[in-house]
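Below you'll find the structure, written out as structure tokens, and then a few comments.
Readers should treat all values here as calculations from the given coordinates under stated rules, not as data from a laboratory. These numbers were taken from a predicted model, which means no experiment stands behind them. Every residue, glycine among them, receives a Cβ derived from its backbone with ideal geometry; neighbour counts consider all protein chains shown.
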Amino acid sequence: MSTHEGVRSAPSTEDSTPVADRVHHVRAGELDGCTALSGGTVGSKKLWMGLVENPPLSATDNHHHGDSEAGIFVVGGHPVFVYHDGVREVRISAGPGDFLLVPPFVPHREENPDPDEPVVVVIARTTQEPIKVSVPELYRFEGTDAR
């Protein structure tokens, strides 16, 4: 690593530092689809992280992320996160700068009700690959498990 005015630069691609012993830098133009950090891109063992854009007037299907927690940071737009608390449907409106946590196996969906502006979020999951399991309903049926 070289230094410039006390700032250390990243190792070059020829650096012999083992993959697990260095910081990885993925530039915006180097994203693999929406994936920025994963086992496949940087050798991550327990983390998947990516950038997702949902177009205006769109919604995902009802789904959960298996045994992975999902942390979400809203970069732009005004998404609505929908889940069922066991009694009723809950709608959480979010905006730029907001963070959300979706626990493992919690069925939910994301909506973008805006007719003009896309929603842009950064998602981090506690598995190195994105897990998305589609489900027919937002709630778990009595006596069954969403797993």
* **Relative contact order [Cα under 8 Å, 6+ residues apart], the stretch 52-126, whole percent** => 51
* Asked: Are there trypsin sites (Lys or Arg not before Pro) in the stretch 23-112 that DSSP puts in a loop and that have at most 16 other Cβ atoms within 10 Å, and which ones?
  -> Arg27, Lys45, Lys46, Arg88
* Structure fact -> For the stretch 48-147, listing chymotrypsin sites (Phe, Trp or Tyr not before Pro) in a DSSP loop whose Cβ sees at most 12 other Cβ atoms within 10 Å gives Phe141
* Surface/4 of the Cα convex hull for the stretch 52-126, nm² -> 4.5
* To do: Lys and Arg at +1, Asp and Glu at -1: add these up for the other residues within a Cβ distance under 15 Å of Glu110 and post the number.
  => -3
* To do: Just flag the GluC sites (Glu not before Pro) in the stretch 44-146 sitting in loop per DSSP whose Cβ has no more than 12 other Cβ atoms within 10 Å.
  => Glu137, Glu142
* Structure fact -> The extension gain from Glu89 to Glu129, computed as 0.36 nm times the residue separation minus the Cα-Cα distance, is 11.5 nm
